[in-house]
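A short worksheet on the structure shown next.
The values are calculated or read from the model by the stated rules, or taken from the named source; none is laboratory data. Computed from a predicted structure; not experimentally measured. Here Cβ is always computed from backbone atoms with ideal geometry, including for glycine, and neighbour counts include all displayed protein chains. Only protein heavy atoms, including side chains, enter the accessible area calculation; ligands, DNA and RNA are left aside. Shrake-Rupley method; radii C 1.70, N 1.55, O 1.52, S 1.80 Å.
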Amino acid sequence: MGARRAAALAALVLIAAGCGSSTKSTPVAAPPTGPPGVVRIALADLLWPLDPARARTRDEIVVARALFATPLRTDASTGALRPGLCSSWRQEGRTWRFRCSHSGAIAQALRRTRLFPSAEITVRNGGLSIPAPDAPYRLTEVAAAPPAVPGPFRLVSAKPTRLVLERQGLRLVIRKLDPEAALRLFRSGRLDEVPVPLGDIQASVRDPRLTRAVRIRRLLAVDLVSCRPGGALARLPELRRVYDDTADRADYQALVPELEAPPAESLSPPPKGAKIARAAALAFTRARKQIGSLPHVAVRFAGSADPDLAYGQNLLVAAWRDIGLGPFVARGRPDATFERVLAR
């Protein structure tokens, strides 16, 4: 049950007010007061302990990529594979062969994180062999980074709520802060980059003091309901279909990504010109009529540690309960989880 395709990532970046033909200019925020060569950043999540295998959220992955080196990288604009710790790679049948520095450490990281079955990873003469068709893209994941091999930035100091990183005269001071508190510090010029608080994307875009500082980046991702094996939704396909057809994607689209990302009816992009809204409305009407004839089953959803996902999950659960279904969020063995799945 896809609830959202392409999550919107929004951040505020402190920039100087530009000069145009007008004699007036609106300042974006107070000028930065930090020392030169320092970028002061706030994140809602901070990777701790500093282990690339533990990175799950977007913020944690960003920190992991700064601190650790992955075997391969991807081009930020095209998505094409780029060298990392591995300088070359080629495919021979189903097997990919990589020429890498620290190949032994990479193999240990892959076995530790179980990105591949341990028996399939072979290290020989500085090379790495993996019989998996998507091996190069899996090697771009932060989980593939060996934790003992340094990455692009050097770690200067570390606490659970504050990291200092440095590279070639550029210092990053990263603090874990609530987005609302971070925004107040940004407005006063005490931070240079902060996340936009949940629900404030459109307000920030329309705020004349902030609009030129807002950066919105699309992530290739889907927020979806995952049915656990043996759970109620996995065992009852008719009930699962009703949950899918009655998921309130419209409210989710308006309140979570604030219309910056389209609904996801499936894992594939909709064909151009498809009348998705009308088809979804008809499916909702049909599914709602079936609720009375379905078994009355409680469906337990696992709680989410990500505040954005927890908020979105609560929206969906409340809407399902309003029409007579039985979802609830609680600890214990879940029937389903609500997840954000990011493309490699």
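Residue count for the stretch 55-67 satisfying the condition of being open to solvent by 40 Å² or more (accessible area, probe 1.4 Å) and touching an Asp or Glu at 6+ places or on another chain (Cβ under 7 Å): 0.
With the condition kept exactly as written, say whether any residue in the stretch 239-249 is loosely packed, with under 13 Cβ neighbours inside 10 Å, over 28 Å from Leu198 (Cβ atoms), over 21 Å from the mean Cα position of the chain (by Cα) and at pLDDT 85 or above. Quick ask: steps written out before the conclusion?
So the first thing to find is which residues in the stretch 239-249 are loosely packed, with under 13 Cβ neighbours inside 10 Å, and the list is none.
No, the conditions are met nowhere in the stretch 239-249.
Taking each residue of the stretch 216-237 that is over 23 Å from Gly79 (Cα atoms) and looking for partners that are open to solvent by 50 Å² or more (accessible area, probe 1.4 Å) and among the acidic types (Asp, Glu) with beta-carbon atoms closer than 9 Å, six or more apart or interchain, yields Leu224/Glu339; Val225/Glu339; Ser226/Glu339. Give the stretch 285-313 a look and list any residue that's touching a strand residue (DSSP E or B) at 6+ places or on another chain (Cβ under 7 Å) and open to solvent by 70 Å² or more (accessible area, probe 1.4 Å), or say none. Hit for the stretch 285-313 is His296, nothing else. Restricting Phe98, Phe68 to those that are modelled with pLDDT of 95 or more, within 27 Å of Arg218 (Cβ to Cβ) and aromatic (Phe, Trp, Tyr) reduces the list to Phe68. Across the stretch 40-73, the number of residues qualifying as more than 22 Å from Glu339 (Cβ to Cβ) and outside any loop (DSSP other than H, G, I, E, B) comes to 8.
Being assigned to a strand (DSSP E or B), under 24 Å from Ala310 (Cα atoms) and of a type in the set (A, V, I, L, M) narrows it down to one residue among Leu233, Leu163, Leu224; which is it?
Numbers: Leu233 fails: assigned to a strand (DSSP E or B); Leu163 fails: under 24 Å from Ala310 (Cα atoms).
So the residue among Leu233, Leu163, Leu224 that is assigned to a strand (DSSP E or B), under 24 Å from Ala310 (Cα atoms) and of a type in the set (A, V, I, L, M) is Leu224.
Residues in the stretch 109-120: is at least one more than 28 Å from the chain's Cα centre (by Cα), open to solvent by 20 Å² or more (accessible area, probe 1.4 Å) and in contact (Cβ under 8 Å) with a residue 12 or more places away in the chain? Within the stretch 109-120, one or more residues are more than 28 Å from the chain's Cα centre (by Cα), open to solvent by 20 Å² or more (accessible area, probe 1.4 Å) and in contact (Cβ under 8 Å) with a residue 12 or more places away in the chain. Which of the residues spanning the stretch 118-137 are outside any helix (DSSP H, G or I) and among the hydrophobic types (A, V, I, L, M, F, W, C)? Once the filter is applied, which keeps residues that are outside any helix (DSSP H, G or I) and among the hydrophobic types (A, V, I, L, M, F, W, C), the stretch 118-137 yields Ile121, Val123, Leu128, Ile130, Ala132.
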